[in-house]
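The values are calculated or read from the model by the stated rules, or taken from the named source; none is laboratory data. Remember, predicted model here, so these are calculated numbers, not experimental data. Virtual Cβ from ideal backbone geometry, glycine too; neighbours counted across all protein chains shown.
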Amino acid sequence: MPIKTLLPIITLLLSFSLAGAEMYQWVDENGAVTFKDTPPPASKKRRKVKVYNDGDFDPPPQPAPATRKAKGPAAASQPANPKKERFTGTVEMYVTDWCGYCRRAENYLKSKGIPYVAYDIEKDSAARQRHKELGGRGVPLIIIGSNRISGFSQETLEYYLNNGR
């Protein structure tokens, strides 16, 4: 078989083997937590087993697109979908002046006209303390209502802005 044909076939087969990756976590009798890609041995006493799939690490689901509404008397009997409210408060951000992701988050909020307050945790000790109390381990730490976002992702930011609170 020519190499030009064999190489794409091998590549295709290898790509399918990665799609079903699972991780297992268990605690043994000594209390040690183990993470592996194989199930725990049957000889081990299992207290807890948790299976992680690739989909567990996807970004939050986006709202479904609006569907066309029916016309006529049947439309009156259909319940209206509850409208989700957009966040109207001020976004809090804990940043540093050297952080590129912090600048990207600030620029994104500015471009959308979203009010925000940026606290530099290296220049403001009160901000550093609040960042620590919020469980911050890095920057940017973005607070939207009662939601906390570590790092910057446009999609995640939009999700929490569009779902209020």
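With the condition kept exactly as written, say whether any residue in the range 80-93 is touching a Ser or Thr at 6+ places or on another chain (Cβ under 8 Å), within 30 Å of D124 (Cβ to Cβ), at pLDDT 75 or above and surrounded by 10 or more Cβ atoms within 10 Å (Cβ to Cβ).
If we filter the range 80-93 for residues that are touching a Ser or Thr at 6+ places or on another chain (Cβ under 8 Å), which is where we start, we get none.
No, the range 80-93 has no match at all.
Okay, residues lined up against (1) within 14 Å of the chain's Cα centre (by Cα); (2) of a type outside the set (A, V, I, L, M); (3) in a strand (DSSP E or B):
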residue	(1), (2), (3)
A105	no, no, no
K110	no, yes, no
V117	no, no, yes
E122	no, yes, no
A126	no, no, no
G135	no, yes, no
I142	yes, no, yes
I149	yes, no, yes
T156	yes, yes, no
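Checking the condition among the hydrophobic types (A, V, I, L, M, F, W, C), at pLDDT below 90 and surrounded by 10 or more Cβ atoms within 10 Å (Cβ to Cβ), which residue from A127, A70 passes?
After ruling out the rest, the residue left standing is A70.
Name every residue in the range 137-165 that is buried (at least 18 other Cβ atoms within 10 Å of the Cβ), in contact (Cβ under 8 Å) with a residue 40 or more places away in the chain and of a type outside the set (S, T, Y), in order of residue number.
Within the range 137-165, V139, P140, L141, I142, I143, I144, F152, L157, L161 meet the criteria.
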